[in-house]
Amino acid sequence: MRVVIAEDLALLRDGLERLLRDNGFEVVASVRDGDSLLREIAAHKPDIAVVDIRLPPDFRDEGLRAALEARKQSPDTAILVVSQYVEQAYARELLADGRGGVGYLLKDRILHVVEFVEAVRRVAGGGTALDPEVVAHLFSSQTAGGPLERLTPREQEVLALMAEGRSNSGIAESLVLTVGAVEKHIASIFSKLDLPHSGVDHRRVLAVLAYLQGQTETG
Amino acid sequence: MEMKSILFSKRAWSEFLFLLSGGPLGVIWFSVLVTAWSLFVGLAITPFIIPIALAMPYLIRGMSSVESTLARELLHVNVYPPRTAIVKQSFWRRMFGWLGDVAMWKAQVYLVYRAVVGFAIAVGLVTLLGLAIGGIAAPFYYWALNGGIDFSFWHVDTLPKALVLVPAGAAGFVITMLLSRLLSNLHRDVAQGLLEHSPDPLEPRPAPNLDERHRMFALRATSFGVAFVVLVIVWAISSTGYFWPVWPLLAFLLLLGIEGTNLFVIEHPEYWKRPGMSQSLAAQIGSSTMVVLFLTGVWAAAGGGTYWPVWPLLGLGIACAARSIALYFSPPGQQELTERIETLTSTRAGAVDQQEAELRRIERDLHDGAQARLVALGMSIGMAEQKLAEDPEGARQLLEEARTGAGQALKELRDLARGIHPPVLADRGLEAAVTALADNSPLRVTVHADITSRPAAPVESAAYFVVAEALANAGKYSQAKRVDIRMTRDGDVLTVEVVDDGVGGANADGGGLSGLRRRIEALDGTLRIASPAGGPTLIRAEMPCGS
């Protein structure tokens, strides 16, 4: 799997490069700013770009802007945005085009190397990875008495992991359930929330996220 | 209905009680003020002046605080004692600064007013009420008195005669209460004119226009006239001895005189638009003249003798002359400049204090949080290194602890950074940052923003923290359910307004809000808070945008 990294701090750039190489990725380019990122993506057509939000010259949200631009220019390259902080608005912007192959994680998640690598692979494969903090916020801003309260606590856990972008087997593993049990929970969630059932993982996630965000805005 | 409200309502009795309190309180205020000023003037050239000068503002503020609390509780008029400076003052300012503080003088005029007029009113009302009750109860006791009830012009010694007194007494009661209502209204007006209208040192006094002032002056003159006539009637009925109504008359004339000269000065700039004069000096000369006339009246009413008002005349004259000379030799605009410099100095001092406290807090957070975690992290990794060879499982556990610690350190640093300057504010500006705040609040928050171009960064940041603090307070203390946030940029002024539907009672001097106030003042802005008990709470910040 071929990766481009955009990170301005040398310490983190080198660490990320080594971490991904050790886990079997091929790092084709490491850049320091948004313009170089767009250039390298166009040149190498990598499977995924791992992008820091804050990049030179202004150290604001250049990374995010470059990532959105890259998704328009090279739709085949997945984008994983990493940051020291998460903002709901940024998550919304990244998910706005309704396509998979996108992720938004706190840099803290890199500390869990196994899970982080799994997330990179998932996003590169067209899935999604949404930081648990974003998901937790989506849950906490639901109106009281809303449809989410019809779910059992276990179903809510499953829904949260699904929103993070985990696969059925990933959810099963982290909740110590069988895949069959997870599938049953998911079917029940979809019918309780009146969501159209869709087999493909990332479509399913986007439906869930669109649902949660819609609830937040009207609430 | 109206009559019942005047005679028996709770309001009627609390107003009556307020007017009665003028009796005992008036005596106390008068003795305290006279003693304090005698000491102040008498000891002016000795070192004893220092403690007296330092104590005077506290004394005046203390007495006016009692008075304004009474007026708020019993008259339901929003008045407060002279406001204290927000910043620490130098020794000299504390010692003599109050002498130049208009609010302090007004408060003293109010206290004197309570002593002279308030005392007379209390005596008058008690007398009237006594007569009324005496009349109503006449049938029950006229026979017990030797020779009946004796008015100089009429003897009440039979039951029919006593019965006639009952309606007269009732009428007297009605008159007493009507008078009480009238005098309370008058008093409310006086209290509002002389005491502060808000405890908030930044709330500017709404300037009444000239027409309004004329109307108030006429109203006050009429009320004083009515009150004086009533007192004369009371004097005539009760004793017709010593003509005591002359005392309240003098006070009425003093108050009307000061207000009249002030109005005159405002309307006739031709008298003071010249070298060595200014509007406030002209007002000072007018008021001083009135005070001397008043004291002369007091001297005459007290039976003449040595003309002692010559001393205050001399003092006030010297003060006016000194100010005039100073004005004559100071370059034009100097006074405004001096005032501006004083404001800047004090707001800058506030901002520096505020910044200092903030830096200390950040240092402490770093020291107790992230730094300590990194030390623990290093220790875990060091121990894992030692154990790696003989106890790989133990080493794995230590490394896991280290990873958890690193995660916590990251989270703490992130929270700290957000508290200093939220990233989304720098990235996307005020509206986006406030919307993010609204998103994160458990309350129902609506955000209206009309900000065409971004204000300077310090202004944006201060505005952001006003909203953050207001939202936090609304969530924590006010039991609010809804919060409306309005942000508008009108020309060079950014206005941020936060209204919640909670129970009110926000403390404007509480840590968070007073810190923000200092921050905003340093940007030449104002922060105002209205939070009556029962709500709603309104917080409004106005700042020049600076870009």
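Exactly one residue out of A:A119, A:A163 is farther than 24 Å from A:R2 by Cβ, hydrophobic (A, V, I, L, M, F, W, C) and either open to solvent by 20 Å² or more (accessible area, probe 1.4 Å) or more than 14 Å from chain B (Cβ to nearest Cβ) (or both), and it is A:A163.
Could you tell me whether A:S36 is assigned to a strand (DSSP E or B) and open to solvent by 10 Å² or more (accessible area, probe 1.4 Å)? No, not satisfied.
Here is a yes/no grid of residues against (1) within 13 Å of chain B (Cβ to nearest Cβ); (2) among the charged types (D, E, K, R); (3) open to solvent by 70 Å² or more (accessible area, probe 1.4 Å); (4) farther than 14 Å from A:G127 by Cα:
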residue	(1), (2), (3), (4)
A:K45	no, yes, yes, yes
A:D58	yes, yes, yes, yes
A:L64	yes, no, no, yes
A:A67	no, no, no, yes
A:A70	no, no, no, yes
A:T77	no, no, no, no
A:Y90	yes, no, no, yes
A:A96	no, no, yes, yes
A:R99	no, yes, yes, no
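Within segment B:285-311, the set of residues being assigned to a helix (DSSP H, G or I) and open to solvent by 50 Å² or more (accessible area, probe 1.4 Å) comprises B:I285, B:T289, B:L293, B:W299, B:A300, B:V310, B:W311. Taking the criterion of being among the hydrophobic types (A, V, I, L, M, F, W, C), buried (at least 17 other Cβ atoms within 10 Å of the Cβ) and modelled with pLDDT of 90 or more, the residues of segment B:472-498 that qualify are B:V483, B:I485, B:M487, B:L494, B:V496, B:V498. For segment A:143-157, the count of residues that are within 26 Å of B:R418 (Cβ to Cβ), under 12 Å from the mean Cα position of the chain (by Cα) and either aliphatic (A, V, I, L, M) or within 14 Å of chain B (Cβ to nearest Cβ) (or both) is zero.
Cβ-Cβ distances below 7 Å connect the following pairs, each with a first residue in segment B:316-330 that is of a type in the set (G, A, S), a second residue that is outside any helix (DSSP H, G or I), and a separation of six or more residues or different chains: B:S324/B:G276; B:S324/B:M277.
Looking only at residues that are touching a Lys or Arg at 6+ places or on another chain (Cβ under 7 Å) and in a helix (DSSP H, G or I) in segment B:41-85, which one is surrounded by the most Cβ atoms within 10 Å (Cβ to Cβ)? Here the answer is B:E67. Restricting segment B:393-407 to residues that are of a type outside the set (G, A, S) and closer than 13 Å to B:L377 by Cα leaves a set whose member that is nearest to the other protein chains (Cβ to nearest Cβ) is B:R403.
Only residues that are part of a helix (DSSP H, G or I), open to solvent by 10 Å² or more (accessible area, probe 1.4 Å) and touching a residue at least 12 places away in the same chain (Cβ under 8 Å) were counted across segment B:427-456, and they come to 5. Within segment B:240-281, the residues that satisfy the criterion of being assigned to a loop (DSSP other than H, G, I, E, B) and in contact (Cβ under 8 Å) with a residue 12 or more places away in the chain are B:W244, B:P245, B:P275, B:G276, B:M277, B:S278.
The residue list B:L388, B:L430, B:L425, B:L410 contains one member that is closer than 28 Å to B:R361 by Cα, more than 11 Å from chain A (Cβ to nearest Cβ) and not basic (K, R), which is B:L430. Among the residues of this structure, A:V86 counts as one that is within 13 Å of another protein chain (Cβ to nearest Cβ), surrounded by 16 or more Cβ atoms within 10 Å (Cβ to Cβ) and in a loop (DSSP other than H, G, I, E, B). Out of the residues in segment A:122-147 that are among the aliphatic types (A, V, I, L, M) and open to solvent by 20 Å² or more (accessible area, probe 1.4 Å), state the one that is nearest to A:S74 (Cα to Cα). Among them, the one singled out is A:A124. You will find that of A:L37, A:L11, the residue that is in contact with a helix residue (DSSP H, G or I) (Cβ under 8 Å, 6 or more places away or on another chain), aliphatic (A, V, I, L, M), over 15 Å from A:G103 (Cα atoms) and free of Cβ contacts under 8 Å to residues at least 60 places away in the same chain is A:L37 and no other.
The values are calculated or read from the model by the stated rules, or taken from the named source; none is laboratory data. Computed from a prediction, not measured in an experiment: that's the story for all the values here. Methodologically, a virtual Cβ is constructed for each residue, glycine included, from the backbone with ideal geometry; neighbour enumeration extends over all protein chains shown. Quick note on the areas: whole protein, heavy atoms, side chains included, nothing else; ligands and nucleic acids left out. Shrake-Rupley method; radii C 1.70, N 1.55, O 1.52, S 1.80 Å.
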